[in-house]
Each structure stands twice: as structure tokens, then as C-alpha cells.
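Undergrad: Starting off with a structure, shown below.
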Amino acid sequence: MNSLTPGAGIDLSGTTITGDVFSQILAKLRATPEQPPKFGTAIFDDSVFIDDVRARGAVFSKGCSFKSAHFHGEVDFAGARFSADSDFDGAIFASEASFFDAKFEGKSLFIGVKFFDVANFTASEHYELSLMRSEFKDRAIFARVRCSTVISFLSCQFNKNASLGSIVCLVLILNEAEFRSDARIDVAAKILFCRRTRWDIPTVLRLRYAQVYLTETVLTQPLAVVAHPAPFISYDLPVDEDIPTMEDPSVSVSSMEGTDASFLTFSDVDLSDCIFAGAFNLDQIRLEGNCTFRRTPRGWRQVGLFPYRWSSRQVIEEERRWRSLETHSSSLRDGWGESPESHDEVLGLARLTEIYRQLRKCREDAKDEPGAADFYYGEMEMRRHNRTLPLGETILLNLYWIFSGYGLRASRALSWLLAAMATTIILMMGLGIPDQTPKQEIQRVQLGNTVKTVIDKPDPELTLAISSRFTSNRFEKSVRVVLNSVVFRSSDQDLTTWGTYTEMASRFSEPILLGLAALAIRGRIKRG
């Protein structure tokens with residue numbers, strides 16, 4: 001070792017190192033008191049370190065390898081710099097391992113590592129960090145960890161307190177990881193994968209920027225996914241989130257397939273692209289704060305000569321895919337985006353109805369009747385388009401939709417009510433109101449010596465010219481008849497035969513429209 005110079009390579013593979021030999025090696029590599037110890041290529045594969053390892057501030061300029069190394073004492077790589085790839089695959093840390101403030105400029109590989117004591121990666125910086133299949137028997141501390149690309153905890157086991165606090169990276173992989181004790185997870189990442197992740201303790205995922213995949217997540221305790229509104233604070237300092245391509249700090253969930261939603265809570269999360277199909281107990285999910293969904297297309301459209309627009313409401317991604325199918329008419333798919341590449345990605349209407357029904361129930365159970373309205377509208381829309389329903393039910397659903405938007409569109413019901421009233425007024429002025437109110441007449445009929453007196457009232461007549469029927473006086477009488485008919489009251493107005501049947505029709509239809517309007521208003525303002 002006396003011939004070692006700064007930047008020289010070293011290979012102690014398979015060596016058992018006792019005492020403070022590692023510190024002695026670093027001392028030999030120190031060029032001046034001001035220069036840190038600097039390695040070239042450092043290889044310690046299968047080495048056994050009996051005592052503490054003190055490599056604080058060391059520089060590994062050409063990569064290092066500690067594959068299957070066994071560290072019996074404490075390990076201190078605080079402030080160390082790894083200029084190339086560093087490989088700790090299969091290593092065993094029997095005591096505390098510290099990589100505090102370490103900088104890994106190449107790939108940092110800790111695959112299959114066992115940490116029997118505290119693993120401290122606080123404030124470390126990485127290009128790419130992989131801890132696949134590693135096991136943390138004690139505390140795992142990853143506060144203020146920053147990575148330019150991917151951090152992978154694939155199939156990791158966290159048996160004690162796990163602090164994944166204020167992690168900043170491009171992609172965070174928690175697939176098949178197991179959290180068996182308390183965990184704090186604060187992450188600013190563009191993508192977060194939680195496929196088959198197991199949570200055995202109540203956990204809060206505080207996230208920023210992230211697009212989250214919760215596919216087949218195993219939950220035995222509640223899990224809350226919360227969008228954090230401001231940059232994380234760690235050790236009283238704001239966390240630097242300056243990573244390219246990370247611009248929008250909002251959090252979205254993309255998939256819940258195979259996940260038990262009864263343990264899930266979403267708070268201020270974007271669910272526009274979320275796939276709910278395949279989730280269990282979806283009616284028990286909790287949606288708190290401002291959880292947003294996709295909206296129907298905006299603006300006016302036209303079919304032939306008839307303009308139309310989509311009723312504004314929240315929709316799920318599964319409905320968007322169904323409406324965008326190229327097999328549908330242009331009026332049904334206009335504005336709904338690109339059609340899926342495979343029709344296997346599109347759910348049938350029966351399943352769409354069920355998803356909307358469960359989301360509606362979760363809102364109703366939370367006493368949020370106005371919030372449940374859009375999901376009820378979606379449920380009824382899917383039923384209306386379902387051609388397997390009986391014809392009578394389909395006709396009824398279409399009428400319910402046309403006249404009141406399934407009892408949710410007060411403006412539509414009121415518009416129809418005003419139209420019906422206007423039509424009734426016109427019919428009354430034109431055909432229903434007689435020329436004048438008939439008066440009783442006395443007729444005497446003499447039969448032999450008997451004189452019979454008959455008091456009769458002639459039928460109302462309408463003989464006025466059409467131009468004389470639409471007068472202010474007749475308008476006032478017509479309005480009175482129509483207003484009485486809306487509230488099921490008789491106007492006591494003498495009417496012609498046409499007028500009598502018109503009043504009967506209006507007394508049946510107009511109160512229904514008024515009731516539908518009242519139902520729609522109640523649905524929007526009802527308190528739980």
C-alpha cells in the first residue's frame with residue numbers, strides 16, 4: 001500500500017479486512033491535506049470488512065464494486081463522490097450504513113442488498129438508483145434524495161420505519177415492494193409505479209407532479225393519495241424540484257385495476273385518465289377535496305341542419321373510449337378524442353353502467369348529492385344507449401332524457417314547460433276560449449195542458465274570425481287557464497270542446513315538467 005498514489009486503482013476482491021485498514025488506504029491516497037482521498041477503479045467484491053469502514057469524503061473516479069461484500073461494522077460513505085458506476089449488489093450491511101450527502105454520478109446499484117441496521121441515504125444525489133429486491137430490517141432513510149432518472153425499489157421489503165421523504169426523481173418504482181411498518185412517503189416524480197405494492201400499515205402518499213399507477217395494489221390498511229400543494233420542506237429547507245420535463249405539479253391517477261378501493265382515499269387528485277375497470281369495492285372509495293374528472297366536449301356541433309352541444313358533466317375515461325369508437329355515428333363520437341387501437345380496451349355498456357353506479361353511491365354515502373349528480377347522469381346515459389334493454393324502457397329513458405336530462409337539467413325542463421305553456425296559450429286563444437260566456441236560457445215547452453220549463457246552458461261557441469281571436473282579453477283568459485292547469489287546478493272557465501281537451505292535456509303534462517324542474521334544482525342544491 002505504500003506505493004499507492006491518488007487516482008490509482010485497487011483490487012482487494014475476496015479479502016478479509018480488519019482494523020482500520022480502509023482508512024489507512026484512503027490516507028495513502030490523499031495527495032494533500034486539502035485534497036480528498038481519490039480512487040481510480042476500486043474493486044472489493046466478496047470482501048469482508050470486520051471493523052468500521054470510514055470512507056467519508058472519498059472520491060471513486062473510475063467506478064467501484066462492492067459486490068457481495070460483507071460489512072460487519074459501521075459504514076460511512078458520507079460526502080463520498082462516485083464519478084462512475086458503483087455496484088453494491090448482494091452486499092450485507094450488518095451495522096449502520098451511511099451515504100449521507102453522497103453523490104453518485106453514474107448508476108448506483110444496490111440490488112439484493114440486506115441492511116440489518118439503519119440505512120441512511122439522506123441528501124444523496126444519483127443519476128440512477130436501483131435497490132431492487134433489497135431488504136431493510138431497520139430504518140430506511142431517504143430524505144431529500146434526488147435522482148435525475150429512475151429510483152427503483154422493486155420487490156423491496158421495509159420491515160421498520162421507512163422514510164421516503166422528499167424524494168425528487170423522474171420515475172419512482174415501488175412495484176411489488178412491501179411496507180410492513182410505519183412509512184412516510186413524500187415524492188416529487190413524474191411517474192410513480194405501485195404495481196402489486198403491499199401496504200400493511202396506514203400510509204399517506206404525499207405527491208407532486210406524479211402520474212400514479214395503482215394496478216393490483218394490495219391494501220390491508222388505508223392508503224391516502226394526496227396532492228401536495230407546495231414544494232416539500234425537509235430539515236426546514238425547501239426541496240429543489242428542478243428536473244427537466246416536470247412542469248405541472250398536479251397529481252393524476254391512471255389505473256386502479258385489481259385494487260381494493262375500500263381502503264383508498266384520493267385528495268385533490270386528477271382522475272381524468274384513470275381506469276376504474278377491475279377495481280374492487282369502488283363504491284367505498286373516498287374522494288376528498290377537488291378530485292377532477294374528464295369533462296364532456298365543449299362548444300356547439302351540428303348534425304345536418306340541427307345544432308347541438310354536449311351537456312356539461314364529469315365523465316370517466318372508459319366512457320370516452322366507448323364514445324370515440326369509429327363504429328359509432330359522427331354525432332355520438334364527435335369531440336371525444338382518438339379511438340383506442342384495440343376494441344378490447346373498450347368496456348361494454350353494462351360494465352360502464354355499473355362503474356358509474358358505484359361512483360354515484362360513493363358520493364351519496366359521503367352526503368354529496370350534487371357531486372353524485374354527474375355520475376347518475378352517466379349511469380342513465382349508458383343505460384339509454386344499451387340496446388339490450390326492452391323497447392318500452394328505452395323509450396321511457398329517451399323521454400326522460402329529452403324532457404329533463406334525467407331529472408338533472410332544470411333549464412331543460414323549464415324550457416319545455418314554457419314551450420308547453422306557450423303552446424297551450426296559443427291553442428286556447430285560437431280554439432279553446434268561446435266568443436262569450438254562455439248564459440242560462442229558459443225554454444217553455446207546452447204539451448197538451450202541461451207546460452214544461454227547461455233551464456239550459458248552450459254549448460260555448462267559437463265563431464270569431466281568426467284575426468279576432470288573438471286579443472289581449474282572450475290572452476288574459478288563456479294565461480289564467482294555463483297557470484291553473486300547471487298546478488292541477490280547474491280554471492272554472494267555460495271552454496269549447498277543443499279547449500276542454502287542451503286543458504286536460506296541459507293539466508297532465510305541465511305539472512310533470514314543473515316537477516322535473518324542481519327535482520333537478522333539488523339535486524343540485526340538496527344538502528346531505
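The values are calculated or read from the model by the stated rules, or taken from the named source; none is laboratory data. In this text, all values refer to a predicted model and were calculated from it rather than measured experimentally. Quick reminder, even Gly has a Cβ in these numbers, built from the backbone with ideal geometry, and neighbours come from all protein chains shown. These area figures cover heavy atoms from the full protein model, side chains too; ligands, DNA and RNA do not enter into them. Shrake-Rupley method; radii C 1.70, N 1.55, O 1.52, S 1.80 Å.
Undergrad: Which residues, counting only those in the stretch 110-127, are farther than 17 Å from residue 75 by Cα, free of Cβ contacts under 8 Å to residues at least 24 places away in the same chain and not β-branched (Val, Ile, Thr)? Give the derivation first.
TA: As a first pass, look at the stretch 110-127 and keep what is farther than 17 Å from residue 75 by Cα: 111-112, 125-127.
If we keep only those that are free of Cβ contacts under 8 Å to residues at least 24 places away in the same chain as well, we get 111-112, 125, 127.
Within the stretch 110-127, 112, 125, 127 qualify.
Undergrad: While we're on this one: So residue 107 clears everything in (1) assigned to a strand (DSSP E or B); (2) touching a residue at least 40 places away in the same chain (Cβ under 8 Å) except one condition, right? Which one?
TA: Of everything listed in (1) assigned to a strand (DSSP E or B); (2) touching a residue at least 40 places away in the same chain (Cβ under 8 Å), residue 107 misses just condition (2).
Undergrad: What are the residue pairs meeting all of these: first residue in the stretch 500-511, first residue among the basic types (Lys, Arg), second residue not in a helix (DSSP H, G or I), Cβ atoms under 7 Å, and 6 or more apart or on different chains?
TA: 507/488
Undergrad: In addition: Please specify each residue of the stretch 338-359 satisfying the condition of being assigned to a loop (DSSP other than H, G, I, E, B) and either open to solvent by 50 Å² or more (accessible area, probe 1.4 Å) or in contact (Cβ under 8 Å) with a residue 40 or more places away in the chain (or both).
TA: Here is the first cut: in the stretch 338-359, the residues assigned to a loop (DSSP other than H, G, I, E, B) are 338-342, 346-348.
Across the stretch 338-359, the qualifying residues are 338, 341, 347.
Undergrad: Go through (1) under 18 Å from residue 154 (Cα atoms); (2) at pLDDT 95 or above and name the single condition residue 225 misses.
TA: Every listed condition holds for residue 225 apart from (1).
Undergrad: May I ask you to list the residues in the stretch 148-161 that are under 27 Å from the mean Cα position of the chain (by Cα) and open to solvent by less than 40 Å² (accessible area, probe 1.4 Å)?
TA: 149, 151, 152, 153, 155
Undergrad: Let me ask something else about it. Keeping to the stretch 388-404, report how many residues are open to solvent by less than 30 Å² (accessible area, probe 1.4 Å) and either farther than 20 Å from residue 350 by Cα or of a type in the set (A, V, I, L, M, F, W, C) (or both). Show your work before the answer.
TA: Within the stretch 388-404, the subset open to solvent by less than 30 Å² (accessible area, probe 1.4 Å) is 394, 397, 404.
Within this subset, residues satisfying the condition of being either farther than 20 Å from residue 350 by Cα or of a type in the set (A, V, I, L, M, F, W, C) (or both) are 397, 404.
Adding up the residues that qualify gives 2.
Undergrad: Looking only at the stretch 272-295, decide whether some residue is touching a Cys at 6+ places or on another chain (Cβ under 7 Å), closer than 22 Å to residue 320 by Cα, small (Gly, Ala, Ser) and open to solvent by less than 60 Å² (accessible area, probe 1.4 Å).
TA: No, the stretch 272-295 has no match at all.
Undergrad: Filter the stretch 112-151 down to the residues that are in contact with a strand residue (DSSP E or B) (Cβ under 6 Å, 6 or more places away or on another chain) and part of a loop (DSSP other than H, G, I, E, B), then identify the one that is farthest from residue 81 (Cα to Cα).
TA: Among them, the one singled out is 132.
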